[in-house]
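Have a look at the structure that comes next, please.
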Amino acid sequence: MREQLKFPQHFSNDLKECVKNLLQVDMTNRYGNMKNGVEDIKQCKFFASTNWSAIMSQNVRVSFANITIVVTVNVQHLNCAAVNGAV
């Protein structure tokens, strides 16, 4: 079964593009599973401002608090929403 992805309005185009590539049905075109491995994910425009070295050294200050991610799954679709914060 293939459904069109539906994103919340607050998702940027860069985030949508990254998510689409992570959810590719064809594993040969899925980010993280291609020749460049995790580098494809790290090079997404959505992560352009991410300091991967700081993350690896666990030297990152979180800029948000009290975020709960609610994931609802049913046969028809996957719907993710942030509650009490922004994604």
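Can you tell me, using C-alpha contacts under 8 Å and at least 6 residues apart, the relative contact order of segment 13-61 as a whole percent?
This gives 28 percent for segment 13-61.
Another question, then. Within the set of other residues whose C-beta is less than 15 Å from the C-beta of residue 45, count the net charge using Lys and Arg as +1 and Asp and Glu as -1.
That sum, taken over residues with Cβ under 15 Å, equals -1.
May I ask you to order 31-41, 49-59, 7-17 by the average number of other C-beta atoms within 10 Å around their residues, highest value first?
Values: 31-41: 14.2, 49-59: 9.5, 7-17: 12.5.
Sorting 31-41, 49-59, 7-17 by mean packing, highest first, produces 31-41, 7-17, 49-59.
How large is ³J(HN,Hα), in whole Hz, for each residue of segment 17-28 in order, when computed from phi with the Karplus curve 6.51 cos²θ - 1.76 cosθ + 1.60 and θ = phi - 60°, using x for Gly and Pro?
Karplus-based 3J(HN,Hα) across segment 17-28 equals 4, 5, 4, 4, 6, 6, 9, 3, 5, 6, 4, 6 Hz.
Just so you know, all these numbers are worked out from the coordinates, no wet-lab data involved. Just so it is clear, the model here is predicted, and its values are computed rather than measured. Virtual Cβ from ideal backbone geometry, glycine too; neighbours counted across all protein chains shown.
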